[in-house]
Amino acid sequence: MKKVQYEKFGDPKVLEMVSTVEPTLFNDEIKVMVKAVGLNPVDLKIFGGDIRLKLVGFIRQLINPKKWISHASQFPRGVARDFSGIVEDIGNNVSEFKVGDLVFGTLRSAPGLGTKKGSLVEKLVASKNDVVKMPEKLSFETSSSLGVAGQTACGALRHLNLEKDDVIVISAASGGVGSLAVQIAVSRGATVIGITGEHNTDYVRSLGAIPVTYGENLEKRIRDSTQNPVTKLLDCFGGNYVKLAFSLGLSGANIGTLVPSPKAIIKGAQFTGSRHARLGDLEEVACLTAKGVIKVNINNVYSFDIDSIRLAYSELSKGHVRGKLVIKFS
């Protein structure tokens, strides 16, 4: 079978398509014939060797060196986390799924660079706890876009203890994670102010948020956009948005960021996301999507060949993709 991997850190040019044997199936796992893979910005950080992920991995190594060694952090490494497909085989301890089920999920791992798994592969094995059944109304492409983004959004909103009377600001509101976080927050009754580029204001408004364009005088535009004070902020981009949150009068407990910096954490902002996800989050997101409460914008679909995959990641690296990029298998 074919899979995508890399032998060194770098830009999308380091990605290679190789032939390999099918993965071994263990008792608590299922084997999936992959039909679609959703790409995420975190993929770029992982195969790019992001220094922050290396630091997390180094800390994990200091805490538990034997576990780190057992994870075989050397190359080659697989690429991507999200997937959808058809169950081809099940382990001895699996009763929740059967051969032929349509499923989606994400290859979860602890933060850092200790895993070698990737979902850009024709067949994969995954823990039964990381896979859920696809609702009938969802396509492989849409389902493959829900894993990392859905768990990250649900985990972050949970950690911020979002309530229906909250007014929450969400940065990068048109992105893969931001757009889901906006819609989940709206579905829970919160007032959402979505920070976005001028060309995405109509899109963010269609998600149920109050769009506010980034740039100079952003704090004033946020304050002018609603009569009620801002109570929470979720930063899905990085940069100065945590500083903005403090300027809006928020305490650290009410500020969440997916892109932590030492300065932000020292000030008390919460590093959150999929680390605070729970079993059931993917089912919730899938159900809301099947009902039309959540809309997933598939920005573009690419084929499963190395040139298309490199092109897709190059596009994602520009940071202005509205919604999701998906790799479709034949």
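Tabulated data for the structure shown
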item: Cα-based helix-to-principal-axis angle, 306-316 vs the chain, degrees rounded to 10; result: 10 degrees
item: About the Cα centre, charge dipole magnitude for the range 255-330 (Lys/Arg +1, Asp/Glu -1 at Cβ), debye; result: 320 debye
item: Lys, Arg +1 and Asp, Glu -1 on Cβ, resulting dipole of the chain about Cα centre, debye, nearest 20; result: 720 debye
item: Calculated Rg and Dmax of the range 149-210 using C-alpha coordinates, Å; result: 10.4, 31
item: Contour excess over end-to-end distance, with Cα ends at Thr213 and Ala290 and 0.36 nm allotted per residue; result: 24.7 nm
item: (1) 1.19; (2) 1.07; (3) 0.98, with the label sought being that of the calculated Cα Rg over 2.2 N^0.38 Å; result: (3)
item: Cross-link partners of Lys318 among lysines (Cα-Cα below 19 Å; sequence separation of 8 or more within a chain); result: Lys13, Lys45
item: The chain - share of DSSP beta bridges that are antiparallel (%, nearest 5); result: 60 percent
item: Positive-end residue, the chain charge dipole about Cα centroid, Cβ charges, pick of Phe304, Ile265, Leu218; result: Ile265
item: Cβ charges +1 (Lys, Arg) and -1 (Asp, Glu), total dipole of the range 189-291, debye; result: 320 debye
item: For the chain, calculated [θ]222 nm from helices alone, where every DSSP H run of n ≥ 4 adds -39500 (n - 2.57); result: -8500 deg cm²/dmol
item: Selection from Thr20, Ala126, Tyr6, by position along the positive dipole direction of the chain (Cβ); result: Tyr6
item: Alpha carbon centroid spacing (whole Å) that separates the range 302-329 from the range 212-235; result: 32 Å
item: Nearest-ten-degree value, helix 281-290 long axis tilted from longest Cα axis of the chain; result: 80 degrees
item: Solvent accessible area, Å² - Lys263, 1.4 Å probe, full protein context; result: 140 Å²
item: Percentage of interatomic Cα-Cα distances in the range 194-249 larger than 17 Å; result: 35 percent
item: Folded to 0 to 90 degrees: helix 51-63 orientation relative to the chain principal axis, Cα; result: 70 degrees
item: log₁₀ of I(q)/I(0) at q = 0.20 Å⁻¹ - the range 114-158, Debye sum with one point per alpha carbon; result: -0.89
item: Cα-only radius of gyration and Dmax that characterise the range 155-253, units Å; result: 11.8, 32
item: Carbon and sulfur %, accessible surface of the chain computed with the full protein complex present, 1.4 Å; result: 52 percent
item: Rounded D (µm²/s) - the range 194-330, Kirkwood Rh over Cα pairs, Stokes-Einstein at 25 °C, 0.890 mPa s; result: 141 µm²/s
item: Modelled FRET efficiency - R0 30 Å, Val301 with Gln227, Cβ distances, 0.05 increments; result: 0.10
item: Alpha-carbon centroids, the range 129-162 and the range 74-96: separation in whole Å; result: 16 Å
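The values are calculated or read from the model by the stated rules, or taken from the named source; none is laboratory data. Note that the coordinates shown come from a computational prediction; the quantities given were computed from them, not determined experimentally. Note that each Cβ is placed from the backbone with ideal geometry, even for glycine, and that neighbours are counted across all protein chains shown. Note: areas computed on protein heavy atoms with side chains; ligands, DNA, RNA excluded. Shrake-Rupley method; radii C 1.70, N 1.55, O 1.52, S 1.80 Å.
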